[in-house]
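**Student:** What follows is a single structure, and I will ask about it in a moment.
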Amino acid sequence: MRCIADTAPSPRAVPLPEDRLAVTLRGFRPSDVPFIAAIVADSLHEHYDPGLYPSLSGEWPEGFLVAANPDEVPVGFLLGVSQVEREARVLMFAVDRQHREVGVGHLLMRTFLDRCRDRGYRRVTLEVRVSNATAIRFYARYQYSVIDLLKGYYSDGENGYQMARPLP
Ligand SMILES: CC(C)(COP(=O)(O)OP(=O)(O)OC[C@H]1O[C@@H](n2cnc3c(N)ncnc32)[C@H](O)[C@@H]1OP(=O)(O)O)[C@@H](O)C(=O)NCCC(=O)NCCS
């Protein structure tokens, strides 16, 4: 399984430092589903049952971060879960093309790692396509390193890397 979300209490909104795009971070809302599904289809080339997002957000609401524009429309998100004791996993992470390379991804990742520390997690894992050089470079900036090769991991047969980083 790769994605997740629900209607539990929203995490506190976090404004972007420069406020360049007036993007704020908040928790997932059920009304976000069509926007998030569009970002997923375009950025991750995957389609999930719309019910998956609300159901996964219920497990760890603070682990599902949504970056929204002033009209409350999601322009990026990071969906994290915890399936192993004291460990988090980034299940989905994407920013809408029009909003990339201005810091939205860094804001999402930084905030997510803080939330993981708040919960006392010791490690974060994720999977990424071997061809996704942009994301691999981004993750390397955050001290993620490759721990495994996942043969034929993706639905189109592409291999994946499993990456992980410790949380001090
Ligand atoms: C990976 C991804 C989420 C990064 O999101 P993003 O919002 O573009 O990330 P940021 O803007 O924070 O950082 C991207 C780059 O822009 C640069 N950047 C950040 N803020 C900037 C600014 N204010 N001005 C100019 N450049 C900036 C950063 O240097 C960064 O480069 P780096 O990775 O070498 O550090 C995005 O590329 C994406 O959605 N990709 C498609 C989906 C995907 O691959 N997801 C991961 C699947 S595992």
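The values are calculated or read from the model by the stated rules, or taken from the named source; none is laboratory data. The shown structure was predicted, so the numbers you read here are calculated from the model rather than taken from an experiment. Please note: Cβ atoms are built from the backbone with ideal geometry, for glycine as well, and neighbour counts cover all protein chains shown. Note: accessible area is taken over every heavy atom of the protein model, side chains too, but ligands, DNA and RNA are not part of it. Shrake-Rupley method; radii C 1.70, N 1.55, O 1.52, S 1.80 Å.
**Student:** In Å², what does the accessible area per residue of the stretch 14-118 work out to with a 1.4 Å probe?
**Tutor:** Working: 4780 Å² over 105 residues.
For the stretch 14-118, the per-residue accessible area is 46 Å².
**Student:** I've got another one for you. Which whole-Hz ³J(HN,Hα) couplings does the stretch 22-38 yield from phi under the Karplus relation 6.51 cos²θ - 1.76 cosθ + 1.60, θ = phi - 60°, glycine and proline marked x?
**Tutor:** 3J(HN,Hα) across the stretch 22-38, in whole Hz: 6, 8, 10, 9, 8, x, 5, 10, x, 5, 6, 3, x, 6, 5, 4, 5.
**Student:** Once phi is turned into θ = phi - 60°, what whole-Hz ³J(HN,Hα) does the Karplus curve with 6.51, -1.76 and 1.60 give for every residue of the stretch 121-138, x standing for Gly and Pro?
**Tutor:** For the stretch 121-138, the Karplus-derived couplings read 6, 9, 7, 10, 10, 6, 10, 8, 5, 4, 7, 8, 4, 4, 5, 4, 5, 4 Hz, x marking Gly and Pro.
**Student:** Next question. Shape of the chain from its Cα gyration tensor (a ≥ b ≥ c, root eigenvalues): rounded if a/c is under 1.5, otherwise prolate when a/b > b/c, or oblate? It would help to have the intermediate numbers written out before the result.
**Tutor:** On the way: a/c = 1.31, a/b = 1.23, b/c = 1.06.
It comes out rounded by the Cα gyration axes.
**Student:** Roughly how big is the chain's charge dipole about its Cα centre, with Cβ charges of +1 (Lys, Arg) and -1 (Asp, Glu), in debye to the nearest 20?
**Tutor:** Values: 20 positive and 21 negative charges, 133 e Å.
Charge dipole, the chain, about its Cα centre: 640 debye, nearest 20.
**Student:** Take the solvent-accessible surface of the protein heavy atoms, probe 1.4 Å, and return the percent of it on the stretch 48-103 that carbon and sulfur atoms account for. Don't skip to the answer; put the middle values down first.
**Tutor:** Numbers: 1090 of 2470 Å².
Solvent-exposed carbon and sulfur of the stretch 48-103 make up 44 percent of the total.
**Student:** Right, another one. Using a ≥ b ≥ c from the Cα gyration tensor of the stretch 79-168 (square roots of the eigenvalues), is it rounded, prolate or oblate, where a/c under 1.5 gives rounded and otherwise the larger of a/b and b/c decides, a/b for prolate?
**Tutor:** Details: a/c = 1.81, a/b = 1.12, b/c = 1.61.
Oblate.
**Student:** Sticking with this structure for a sec: Would you mind checking which residues have amide H under 5 Å from Leu91's amide H? H placed 1.01 Å from N; only 5 or more apart, or other chain.
**Tutor:** For Leu91, the qualifying residues are Leu79, Gly80, Val81.
**Student:** While we're looking at this one, here's another question. Per-residue counts of other Cβ atoms within 10 Å, averaged by peptide: what ranking do you get for 90-101, 138-149, highest first?
**Tutor:** Numbers: 90-101: 18.1, 138-149: 14.5.
Ranked by mean Cβ neighbours within 10 Å, highest first: 90-101, 138-149.
**Student:** Taking θ = phi - 60°, what integer Hz values does the Karplus form 6.51 cos²θ - 1.76 cosθ + 1.60 yield along the stretch 141-153, in sequence order, with x for Gly and Pro?
**Tutor:** Result, ordered by residue: 4, 9, 6, 7, 10, 6, 10, 7, 9, 9, 5, x, 5 Hz.
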